[in-house]
Structures are given as C-alpha cells and as structure tokens.
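Below is one structure, written out as structure tokens; comments come after it.
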Amino acid sequence: MNNSKEVVKLELCRACGSGNLLLFLQLGPTPVPNGFLRAHHRHRAEKFYPLDVCFCKDCGLVQLAHVVSPKVMFKNYVYIPSTSETMLTHFAALARQAIKKLNTEEGDLVLDIGSNDGTLLNSFKAQKMKILGVDPAENLAKKANQDGVETICALFTKELAKEIRKKYRQAKIITATNVVAHVHDLDNFLEGIKILLADDGLFISEFPYLIDLLEKVEFDTIYQEHLSYFSIYPFEKLLAKHALVLIDVQRVPVHGGSVRVFVSKKPGRVSRRVKKILQLEKKREILNPQTYLKFRKRVDRVRHELVQLLWGLRLKNKKIVGYGASAKGNIILNYCRIGPETLDYIVDSIPYKQGKYTPGMHIPIYPEAKLLEDQPDYTLLLAWNFADEIIKKQTEYRKHGGKFILAIPKLAIV
Ligand code: JHZ
Ligand code: ZN
C-alpha cells in the first residue's frame, strides 16, 4: 500500500457532513490512472490506492471513501483538452453562451479554475475579456503563461481568492470545467467563489453527471481524481449552505454526459430546467440505496462480458490492441485485469504518453499511426467518449477489416 499521509479516509459526507455513508462498489486498489510509466520505471514498485465508492443516504452525493493527496495527482498533469476537436468546439460554445447570458463588456474579468492549457480562456480572449487562469499543474501553467494566458499555478482556495480579489477585482464570470468533482474541501472552494464572483456575475461549472454514469454504466470514470459524482439534488443543497443559487442547468454530451450549472450570488429567476432535472433524479431514485446496488451488478456484467469476449478472441489468435490511453481506460484495464497478454499495445495522440506504459498493467503506448501500420484484427476503444471522432479518423483501418470494440455503455463491435 502507500504511506498514510497521501491517503485520508473520508468519515463524513463532503457535501452535507452526514456520517450516513453506504459503501456500494470497490474498483481498487489501483494506481492513479494518469500515472504513466517510463520504460525504465516499469520494474519499480507502483503505489496502489483504494477506489471505494459510497453514497450519502442523507443528501445522495456519490463520493470516494478515500482522498488521495492532490500533490500525487495534479503536480504534472497529462490531460490536455485541446488535443481533441470535440473539446475545442465544446469550449468555444461554452464561452459564447456565457458571454451572451451575461452581456459582458470588454475588459470584464473571466477566471477559469483548472484552466489547464488555457483552451477555454482563449475562447474568452477572442471576445476581448480580461482572462486569468488558476491551475495546480506546473507543466500546464508554465505552457499557458508562455502562450500568453496569465495563469496562477495553485489549487483554488478561499485564501487564494482573497489574494486575487486584492490584485485584480471581482470576476464577471468564473468557470470550472471538470474541476468541482476533483475538490475535497467543497466548502472552502465555494467560499472562494463567493469572494471572487461579482454580484451580477455567474459561476459556470461543468462536471460528469451521475444520471449518465448510472444509465450508461460509466464505472471507468470513477477514479481517485474524481472525489464526487454529482447529481443536482446534493449540489443545490451544497450551494444553499453558501447562499449561492442554482439558476440554470443544462445536460451536455461531453465525457459521457455532463451537466453545466449556472450559479449566482443573488436569488432571481430560476429556469424551469432546474425543477425538471430534480424531478428526473427523484424518478431515478438517487436517494435509494437499491439504485447503487443494482449499478454494482451492472458493472460486474460489463466486466464479465468484456473479459469473456477478449479471451475468446485471444483463443482464436486474433490480434487485439487498445485506442486512447485515457484515465478511464486505465480503470477498465486494471479492474478487468486486461494486460499486455491481451492487448499488444495502445495507440494515443498525446506525445507525452507515447513511448510510456500504462499504470498497473504496463501496456506500451504508441502513436496512432501504428494502427494502420499493423492493422490488428480488433481495437478496444478505451476513450469511448471520443468514439465518433476516433472511428471517423480511422476509416482506413475499418476499410481494411479492422473492428472497434466498445465496452461502455454496452459491449459492441463496430
Ligand atoms: P480523455 C479526462 O480524463 C480528464 P481522461 C479529466 N480527468 C476528467 O475529469 C475526465 O476526462 C472528465 C486520446 N485520443 O481526454 C487522447 C486519441 O488518441 O477522455 C487521450 O489520451 N485520439 C480531467 O484521461 C485519450 O484519447 C483522438 O483522436 O479519460 C482521451 O482521454 C482523441 C480525440 C483522443 O481523458
Ligand atoms: Zn451528504
């Protein structure tokens, strides 16, 4: 196991403080899924961390039962959204919508928390807003600053918010995409939002949506970076603790299905979409423990069917590889024990990952071009959230008889 200061066991619900937590799924221990290994590090002992998933019987928040130190996961970060057309288009649309909703003026400040390589902020820069990023990953903050996106290399906290407010002013727009689910101290985070958000401003956040996760059995999106798996019911209760108001919500397709929430400091007109999504959550019984016990059964079925298919193909001496060395892909590989005995290698578009090995199962990663060179019989699509983009890109491979295997949301060969 690992040394205790890196892992803290959760005693109380991180949203409502209740001790009424039900453990319903164990996917670990696993290495952190973005912990790609250099060739000469493969033989070093890797650290494995628990991946126990529980649900709060009082507020319904699904959350991890252990917190791994952010230093372990975010110091050097390999997720770069600008490597995908899907995400570039998505962020440009988000910026346009935010500006339209708030009819911002030139020079208004927009702050992006978890600003990564500055992709989203650049969409706002194009609309002549003053932009500022906050991101704890040294490698990404350095690159963003070099590219002219002013970025503070730090975790966003209430204390940092006070410093930013002193140096700049309050922000008309604060965005946080795929960040809130990564935050352990949600109260401190939201107090920071309150300090920095202008009275007539909007906090716009996006995170994977629990209903999509349950509906499409997206268990591979459960990993140590993602501490919370939000539905709107617990999220709204959490906001209320900080006198923040959910004024609108939208479901968006990215990352297997996410929600985009619009949060204001002042009560005002609340979109009927908020009431509608809360009714949907009630209908899907997100407060009923049975919901999660049934989900666990479906996870077992996906694992059983995928392993059965892959081993059947192996027995027929078929050549199988993987596509998309994603964090979620590493969860599937470790949980289903799929290693180099099954997948000869994985292809991926991110240069940083090429030439490395996946954490835990140590499968080698190559550039995408290897797929056409080798023309393997089957390719397990580990980055299923980009299935359309990838399958379209690999028409040639399929023309020569290559087939993609999708495990999520259900087993399919295309
Ligand atoms: P991708 C991310 O997780 C990041 P991950 C983060 N952890 C999060 O919260 C969730 O999403 C929501 C490759 N690829 O982006 C690139 C190709 O090879 O889903 C990536 O390595 N060819 C913040 O790590 C991987 O697939 C392509 O054409 O699961 C996708 O991983 C495309 C489009 C992608 O990130
Ligand atoms: Zn709770």
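The values are calculated or read from the model by the stated rules, or taken from the named source; none is laboratory data. Bear in mind the structure is a predicted one, so any value in this text is a computation, not a measurement. As a convention, Cβ positions derive from the backbone with ideal geometry for all residues, glycine included, and neighbour counts pool all protein chains shown. Areas reflect the complete protein model, heavy atoms only, side chains present, ligands, DNA and RNA absent. Shrake-Rupley method; radii C 1.70, N 1.55, O 1.52, S 1.80 Å.
Calculated over the range 81-267, the projected area of the Cα convex hull averaged across directions stands at 9.9 nm². Estimated purely from DSSP H runs of n ≥ 4, each contributing -39500 (n - 2.57), the mean residue ellipticity at 222 nm for the chain is -10000 deg cm²/dmol once divided by its residues. Taking each of 216/399; 241/294; 142/162; 294/328; 101/194 in turn, the alpha-carbon distance tops 27 angstrom for 216/399; 241/294. Assuming a ≥ b ≥ c are the square roots of the Cα gyration tensor eigenvalues, decide whether the range 37-152 counts as rounded (a/c under 1.5), prolate (otherwise, with a/b larger than b/c) or oblate. In terms of gyration-tensor shape, oblate.
Using the Cα gyration tensor of the range 23-99, with a ≥ b ≥ c the square roots of its eigenvalues, what is the shape: rounded (a/c below 1.5), prolate (a/b larger than b/c) or oblate (neither)? Here the range 23-99 falls in the oblate category. Roughly what % antiparallel, to the nearest 5, for the DSSP beta bridges in the chain? If I count the DSSP bridges inside the chain, around 55 percent turn out antiparallel. Remark on the chain: 54, 153, 336 stand apart, with no other cysteine beta carbon under 4.7 Å. For 147, 377, 348, the ranking by accessible surface with the largest value first comes to 147, 377, 348, using a 1.4 Å probe. In the range 303-413, the portion of solvent-accessible area held by carbon and sulfur atoms comes to 53 percent [1.4 Å probe, whole percent, DNA, RNA and ligands not counted].
Among 67, 32, 307, which one shows the biggest mean-square fluctuation in a GNM of the chain, springs joining Cα atoms closer than 10 Å? Top of the fluctuation ranking is 307. Between the C-alpha center of the range 231-273 and that of the range 189-222 there is a gap of 8 Å.
Between the range 354-380 and the range 282-302, the C-alpha centres lie 34 angstrom from each other.
Note on the range 81-267: with neighbouring protein chains present and a 1.4 Å probe, carbon and sulfur make up 52 percent of its accessible heavy-atom surface.
To the nearest 0.05, how large is the calculated FRET efficiency for residue 388 and residue 198 if R₀ is 35 Å and r is the Cβ-Cβ distance? Computed FRET efficiency for residue 388 and residue 198: 0.40. For residue 100, a cut-off of 16 angstrom between C-alpha atoms picks up these aspartates and glutamates, skipping any fewer than 8 places away in its own chain: 108, 200, 248.
The alpha carbon gyration tensor of the range 303-413 gives principal lengths a ≥ b ≥ c with a/c below 1.5, which makes the shape rounded.
Among 346, 247, 80, the largest mean-square fluctuation in a Gaussian network model of the chain (Cα springs under 10 Å) belongs to 80.
Rounded to the nearest 20 Debye, what is the dipole magnitude of the range 81-267 about its Cα centre when Lys and Arg each give +1 and Asp and Glu each give -1 at the C-beta?
Here the range 81-267 has a charge dipole of around 700 debye.
A Förster radius of 51 Å combined with the Cβ-Cβ distance from residue 169 to residue 280 puts the calculated FRET efficiency at roughly 0.85.
Largest accessible area first, the residues 269, 44, 260, 169 order themselves as 269, 44, 169, 260 under a 1.4 Å probe with ligands, DNA and RNA left out.
Note on the chain: Kirkwood hydrodynamic radius from all Cα pairs is 22.2 Å, rounded to one decimal.
Can you return the aspartates and glutamates within cross-link range of residue 353? Criterion is Cα-Cα under 15 Å, with same-chain partners fewer than 8 residues away left out. In chain and number order, the partners are 368. About its Cα centre, the chain has a charge dipole of approximately 700 debye under the convention of +1 per Lys or Arg Cβ and -1 per Asp or Glu Cβ, with nothing else charged. Accessible surface area normalised per residue over the chain is 43 Å², counting heavy atoms of protein chains with a 1.4 Å rolling probe.
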